[in-house]
Each structure stands twice: as C-alpha cells, then as structure tokens.
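Have a look at the structure below before the remarks.
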Amino acid sequence: MTSSARLLTRGSWAEAQRFAGILRSETVGGVLLLVAAAASLVWANSPWSAAYKAISEFSFGPSSLHLDLSVSAWAADGLLAIFFFVVGLELKREFVAGDLRDPARAALPIAAAVGGMVVPAAIYIGINLAAGHPENLDGWAVPIATDIAFALAVLAVLSTHLPTALRTFLLTLAVVDDLLAITVIAVFFTDHLSLGPLALALVPIGLFAAAVQRGVHHWWLLVPLAVAAWALVHASGVHATVAGVLLGFTVPVLGRHGTPTAELFEHTMRPLSAGLAVPVFAFFAAGVTVGGWSGLGASLLHPITGGVIAGLVIGKPIGVFATAFLLARFTHASLDDDLAWRDVFGVALLAGIGFTVSLLIGELAFGHGTASGADVKIGVLAGSVVAGLLAAVVLLGRNAVYRRIHELETLDADHDGVPDIYRSQRD
C-alpha cells in the first residue's frame, strides 16, 4: 500500500446493492434467531422443561445408515448444513467476484478475522489453564466465531445508520470468520475418520458439481445428490455441515450465458437458512436450564463460562481492532475520511456476538446435554448480550455522524437510480 491508501472505503454501487440485499435477509433471520433462542430459554426454565428436554432428545432415523439421531442432532448436523451451504456460496462469490478477489481490499477483513480468532482462543486457554482445568481446553474454539445474523439483529434494534463500508466490513469479516470456523471444525473436531464413506462422498459431490456447472438446476436431481453427499460425509466422521460448504463451493458464480448461478442459489436458499435452519437450531441449542439465580451465579464463575465470555467480550474486539490498527500502521494506510477508529472498535465489539457456530462448536467439544455444554451455552449467551450492549453504547454515540453519511450514500439528485456518491463508479 502507498501512503494514500485508504481502509474501509466504499465499494462499487453494484457491490453495495448486493450487500444491502444480504444484510436485509440476515437482519430478518437474526430477529427470528433471537425469538427462537428466547423461546427455548423460557421453555427450558419453565415447569415444562422436561417436555423440552424430551423433544430435544427424541431420536429417529435409519440406524443402519448411522442416522438414528436426536432432534437436536438433526438440527445441528442436518439443518445447519443448509446454513453452511449458503456460507459456501458466499465464500465462493466473495473470492471470485467480491471484495476478497482484490488483495488490497481483502487484506483487512482476512487479517481481522485471523486476529479475532487467535486472541479469544488464547484468552479462553489462558483462563482455564490459570484455573487449573486443562480438561476444559477442548472448548478453545467456542469464542472464535461471529454470528452475523445476531449482530445485524442488534443493529436493527438500535436503528443505527451504520455506513455501508462498515456493514460491508462486518459481513466480509463474518464470511472469512465462517471459513476459519469451518476449517477448525473439520480439522479439530473429527473424532474418527472413515476414508471409505469420505471417498464415496466425492461421487454425489462430483455429480452435483457437474450438474450445476452445466446449468442443470432441477431440485429433484440436486436435492438427492446433496442429501447423499451429506449422509456419506456424516458417516465418514467429518462433521456433516462440511458437506454443505463443499457443495456451495461447486456452484459457479457465473454459469452458462452469464447466468448469475451462485446468486440465484443464494436467493433461493438464504430464506430457508435464515428463516428455518438457523432459528430451529437455535431453539434446540440455546435452551439451557439455568437453575435460578444461584445456578446462574455458579455457572458464571466456572472457567468454561468465564473463558467464553472473556473471549467474546474482550478477545474478539481486541483481536479484530488491534489487527486492523496494526495493518494500517505498518502499511501507512488511513481510514476513509468519513470514519474514525472508534467506528472500527464498535464493529469489533459487534464481532464479539457469537451464537450459531459458537453453540455448534460447544456441542462438538463437550457433547449435548453435558454440564460443560451448559456452561458453554450460558457463556455464549451472556457474552453475546454483553458484547451487543457495549457495541450499542459505542455505535449510538456516533449515530449522528452515521446519519449524515447515510444521507450522502442515498442522495440521488438526478433520480437515475444510482446515488450521486457512486456515479463515478457506475459500470
């Protein structure tokens, strides 16, 4: 970078429109996620908590295919595969046609995501080692993930006019964050590996790829291939959600005759992911029986809970913000003229809202229904709420500035459908 380089500048108008559509969908999904999580918490701590537990642990499915799973496992392994399929589509699009294809623009969110992974993991490990509980280190990856839907739901509640550049940074950061989390799940949370089913999974994945590459989008063909790939990856010992990512990677960004294939798949699957898959998973993953104020107090003092909270509330913001600041310092870059480092810190606090992937990693690390798993849930919920509240304090203090930037970004004096500030970037 040169001395005139800028961080967090506006992208193109086309990119801004695409991100706006994604953000609207994720915001709605985030609200549904919050409602589902709240409902599960109320039910799990009501006189009818036994019914919630019975439904969550009810098992069904063909045992001959190793798919006799509980309802909560079907939500985590099955429905979340839809969520990760959308993540795979996002990653493919970002690296091929989005901001991540440009090394200069990709450097900031990639570096920030790595920093936002390393620091919270180190804090969690440090707290549990200092407390003399090395057996808890399996949960080191719980606080590394950012839940973009939850974070955007917080922004929707705040009604803050966060500038496009900051929203884009948050979304891109979360996309890279998901890639790192997927890698962690595949590498560190595969207890056993059966090469036979894993090799067989390449067959339906390859057929799925061949079909979408040739413009064949018939659901009656693609859905069975996707289910077969998912089942074989599940049988191999690799977490089944990885199959969703791999299938998403096979979808071309541009198909035959310039058809925006990945975008069409994303528009089709995102409502299913945000409106059904993630809220249902949240409903069965977030329902933890606290045991009253005494039980909550005891759990908050546990090193697992404390490590998760500290990782999300302290580690995540420090990792994201410090990495962004150091990148600017060493490359002699500066922020866009409309923004301040306080804005970056506010977004870094939002990145501390971990939920979907954090809860999933917690279940993989400690198992469903265990005492340690309950501590993880309390830590994720408490840490996410605190991170959201702190972000609200920082961002609302700058809302007047954001409103002015928003007015500039939406001003269209000649009514041509493109805001004046983007006119020079029109394709």
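If you stretched the chain out fully between HIS217 and ASP102, how much longer would it get, using 0.36 nm times the residue separation minus the C-alpha to C-alpha distance?
The span from HIS217 to ASP102 would gain 38.4 nm if fully extended.
Can you give the Kirkwood hydrodynamic radius for the range 109-238, in Å, rounded to one decimal and based on Cα pairs? Provide the component values of the computation, followed by the final result.
Numbers: mean 1/r = 0.0558 Å⁻¹.
Evaluated on the range 109-238, it is 17.9 Å.
Run through every distinct alpha carbon pair of the range 223-288 and return the Kirkwood hydrodynamic radius in angstroms, one decimal place.
13.6
Going 7 Å from the Cα of HIS66 along its beta-carbon direction, which residues of the range 169-192 have the amide nitrogen within less than 13 Å of the resulting point?
Counting only backbone N, you get 190-192.
Express in whole angstrom the spacing between the alpha-carbon centres of the range 138-153 and the range 341-411.
8
Considering the alpha-carbon set of the range 187-335 alone, what are its Rg and its Dmax in angstrom?
Cα radius of gyration and Dmax of the range 187-335 are 21.5, 63 Å respectively.
For the range 41-118, what is one quarter of the convex hull surface built on the Cα atoms, given in nm²?
Working: hull surface 33.9 nm².
If you wrap the Cα atoms of the range 41-118 in a convex hull and average its projections, you get 8.5 nm².
Spin-label point model (7 Å from Cα, Cβ direction): what's the ASN399 to ALA122 distance in nm?
3.6
Quick one: order SER64, SER59 by neighbouring beta-carbon count within 10 Å, fewest to most.
SER64, SER59
Ranking request for peptides 243-256, 277-290: highest mean number of other beta-carbon atoms within 10 Å first, then the rest in descending order.
Most protected by this proxy first, the peptides run 277-290, 243-256.
Please compute the modelled spin-label separation between THR259 and ALA131, points set 7 Å along Cα→Cβ, answer in nm with one decimal.
About 5.3 nm, to one decimal.
Given the DSSP H assignment, sum -39500 (n - 2.57) over each helix run of at least 4 residues in the chain and divide by its residue total; what's the result at 222 nm in deg cm²/dmol, nearest 500?
-22000 deg cm²/dmol
With semi-axes √(5λ) of the Cα gyration tensor in Å as the read-out, I listed (i) 34, 29, 20; (ii) 51, 24, 21; (iii) 33, 24, 22; which label goes with the value calculated from this structure?
(i)
Which lysines have a Cα lying under 21 Å from the Cα of LYS377, excluding residues fewer than 8 positions away in the same chain?
Reachable lysines: LYS53, LYS316.
So what's the range 252-305 giving for Cα Rg divided by 2.2 N^0.38 Å, two decimals?
Numbers: Rg = 20.7 Å, N = 54, 2.2 N^0.38 = 10.0 Å.
Normalised Cα radius of gyration, the range 252-305: 2.07.
By per-residue mean of other Cβ atoms within 10 Å, what is the highest-first order of 85-94, 65-74? Mind showing how you got there, number by number?
Working: 85-94: 24.3, 65-74: 17.3.
Taking the mean over residues of other Cβ atoms within 10 Å, the ranking is 85-94, 65-74.
Contour minus end-to-end for VAL227 and ARG342, with contour as 0.36 nm per residue of separation and end-to-end as the Cα-Cα distance?
That works out to 36.8 nm of additional length.
Neighbouring Cβ atoms within 10 Å as the yardstick, rank SER334, SER63, SER40 fewest first.
SER63, SER334, SER40
Which residues among the range 100-130 fall inside the zone where the amide N is under 16 Å from a point 7 Å beyond the Cα of THR331, along Cα→Cβ?
Answer for this model: 100-116.
Laboratory data are not the source of any read-out in this text; all were calculated from the coordinates shown. This is a predicted model, so every value here is computed, not measured. Neighbour counts are summed over all protein chains in view; Cβ atoms, including those assigned to glycine, are modelled from backbone coordinates with ideal geometry.
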